[in-house]
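Data first, discussion second: the structure below is written as structure tokens.
The values are calculated or read from the model by the stated rules, or taken from the named source; none is laboratory data. All values reported here derive from a predicted model rather than from experimental measurement. Cβ sites come from the backbone with ideal geometry, for glycine too, and all protein chains shown count toward neighbours. Keep in mind that these areas ignore ligands, DNA and RNA; they rest on the heavy atoms of the full protein, side chains included. Shrake-Rupley method; radii C 1.70, N 1.55, O 1.52, S 1.80 Å.
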Amino acid sequence: MRKTWLVIVLLMSVLAVSASVPKPEYMPYCTTPQQVAPMQMNGLYGSAMPLVWNGKDYAGVWIDVDEVGDNFLCFRRFFADGTPASDIVHVISYGGTFSSPPSIVWNGSGYGIAYGLYNNTYRSTYFCRIDSNGSVLGSLLRISSHEVGVFEAFEPPVVAWSGSGYAVAWVDGSSGRSQVYATLMDADENITH
């Protein structure tokens, strides 16, 4: 009987203490998400759209595939309130292959974009620079190309800006197991490592 009272008192103490602990206040979540800026895709397929902030507006890139299978690397800027700050720009177009979602970074005056293309045999990682309006600067640079491994997941490449150059990383599974590789470039797309 004494053990029962002890358990009851212990439970009451735990309940009293837990009731007095303040609940954390979480950020409210959006119950009605708004379409920020219509991307006007051509219809068949569109990739995920990573965003980057440039200090005054956002920029997004995505892959759009039209009805005949042509791929477009698309770019658009929009203000913080969601209104478009630019038209949609088709940065690069290509056909006959599949693409991974692109990656984008702001370098202080323009953007660096990395994306991957693949078919049933080969996978390639590409990089390009664009100005703040979406015009290509320099040339399209193929960073890697390798045979697709048996168990290779097609992960999108990523790009980062150091303040003086770019790093592009990707997954290569051609050896039978996935390995991460990276290439370093200066601000003008010259490979440094």
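Some notes on this structure:
- Those strands (runs of 3 or more DSSP E) of segment 99-191 in which 1 or more residues are among the polar types (S, T, N, Q) and either touching a strand residue (DSSP E or B) at 6+ places or on another chain (Cβ under 9 Å) or open to solvent by less than 20 Å² (accessible area, probe 1.4 Å) (or both) occupy 103-106, 122-131, 136-147, 179-186.
- The number of residues in segment 71-83 that are exposed (fewer than 15 other Cβ atoms within 10 Å of the Cβ) and not hydroxyl-bearing (Ser, Thr, Tyr) comes to 4.
- Scanning segment 84-98 for residues that are under 24 Å from residue 127 (Cβ atoms) and open to solvent by 40 Å² or more (accessible area, probe 1.4 Å) yields 87, 88, 90, 93, 95, 96, 98.
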